[in-house]
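Input: a single structure, listed below in structure tokens.
The values are calculated or read from the model by the stated rules, or taken from the named source; none is laboratory data. These numbers were taken from a predicted model, which means no experiment stands behind them. Note: ideal-geometry Cβ built from the backbone for every residue, glycine included; neighbour counts use all protein chains shown. The protein model used for the area step is the full one, side chains on, heavy atoms only, and it has no ligands, DNA or RNA in it. Shrake-Rupley method; radii C 1.70, N 1.55, O 1.52, S 1.80 Å.
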Amino acid sequence: MATVTGSFNFMASASESSLYRNGRVLIDRDPDGNTRSSKGIELDQLDIVVTNARELDRQMTCEHNGFELLSEPFDAPSGFNFMDHADVVQHYYPACACIVAELTGAKAYAFDHNIRSAQGKLKRDRIEGGQEVQGPAHVVHGDYTLRGAPERIEQLAAPPAGNDTLMGFLDEGAALLPPEDLAQVAAGGRFAIINVWRSIADYPVETHPLALCDGQTVSPEDLVVFEIHYPNRIGENYFSKYTSRQKIYYYPQMTGDEALIIKQWDSQGRLAVTDGRQADAAEEPCTFSFHTAFEPADTPEDARDRCSIEVRCAVIYPAA
């Protein structure tokens, strides 16, 4: 099985594990998504062996492992531009929602996106009608938490406020999720938040590829809450401390015709159902996949810059 070694940033092993917001580890971001200040972030930089998931004798699945690679070309309309906020929301969001709905058999609503490029970040490129381009995220993390995931679903069922990504896409005063979906979630119905990640360059990914951790190899003790203070709300991630039981994979040379599906939260995962008292179990839905950009040791010096888009989708499963 082909592997590659890469440098990873994990939360320091001496860090206190945490499941809920406590004000110890956080950053404050401006409306463009740039960091203004931070607190309590202590990292271990480790060289980790990563397995080429393209060469596995089984398919990794979003349902059980937390990620899945699909062949999903995007049929862009004439004149479409990923660097135009309105174009992405009006044309690409529905395509992503369709991919996720077909994969899960549930209702899917695209609600947020980022464009990432190391060079674009350095040049402070700005999406037309949107925020600045972000750099690849080089800390091992999961995007939602026991508190943050249900909070985000509640926010999406309320009228948008402040700098919400969907302002200008929804009718004024409208919510993304209909009341019946929120009622179903409130009654214990299953929901998820799933990311559709795609290269938007006209060449394969050569730098900063994504590494993904099998959700079934994560334990609650690995988690450290990381708060993200936005101008109009507080979000939460989980950082990960490293343990040797974690199994990490990547898909080299991803192209724009492929969509990498990343589970960011699933309310039916064992970790979620037990409020972090138990780890996810084999043959059951996993709760999420830790992920990060990394730099493989064999990256050529003349490798071209990665440019990618990620779109988050709220997923409401049919009532049991």
Computed for the chain: size of charge dipole around the Cα centre, +1 on C-beta of each Lys and Arg, -1 on C-beta of each Asp and Glu, debye to nearest 20, value 700 debye
Averaged per residue, what accessible area in Å² does the chain show with a 1.4 Å probe, protein chains only? 43 Å²
Within the chain, which whole H helices from DSSP have a Cα span along their axis of at least 27 Å and a mean Kyte-Doolittle hydropathy of -1.0 or more, if any? none
Dimensions (Å) - the chain, Cα atoms, principal axes, largest first: 49, 47, 42
For the chain, modelled as a GNM with alpha-carbon contacts under 10 angstrom, which of 37, 199, 267 fluctuates the most? 37
About its Cα centre, what dipole magnitude does the stretch 167-299 give when the only charges are +1 on Lys and Arg Cβ and -1 on Asp and Glu Cβ, stated in debye to the nearest 20? 400 debye
Looking at the stretch 1-98, which GluC sites (Glu not before Pro) are in a loop (DSSP not H, G, I, E or B) and have at most 10 other Cβ atoms within 10 Å? none
For the chain, whose charge dipole is built from +1 on Lys and Arg Cβ atoms and -1 on Asp and Glu Cβ atoms, the candidate among 31, 309, 145 with its Cα farthest towards the positive end is 145
What's the percent breakdown of Cα-Cα distances in the stretch 209-283 across 5 Å bins, shortest bin first? 3, 12, 19, 22, 18, 14, 9, 2, 0
DSSP beta bridges in the chain: the antiparallel percent, rounded to 5, is 90 percent
Among 25, 196, 205: highest mean-square fluctuation, GNM of the chain, C-alpha pairs under 10 Å: 25
In the neighbourhood of residue 17 defined by beta carbon distances under 9 Å, the net charge of the other residues (Lys, Arg +1; Asp, Glu -1) is -2
Name the chymotrypsin sites (Phe, Trp or Tyr not before Pro) in the stretch 79-166 that are in a loop by DSSP and that have at most 14 other C-beta atoms within 10 Å, would you? 80
Rounded to the nearest 20 Debye, what is the dipole magnitude of the stretch 1-75 about its Cα centre when Lys and Arg each give +1 and Asp and Glu each give -1 at the C-beta? 360 debye
At 1.306 mPa s and 10 °C, Stokes D of the stretch 23-178 from Kirkwood alpha-carbon radius, µm² per second: 85 µm²/s
In this model, which of 123/247; 39/121; 107/241 are farther than 29 Å apart at the alpha-carbon? 123/247; 107/241
Over the chain: helical MRE at 222 nm, DSSP H runs n ≥ 4 each giving -39500 (n - 2.57), nearest 500: -3000 deg cm²/dmol
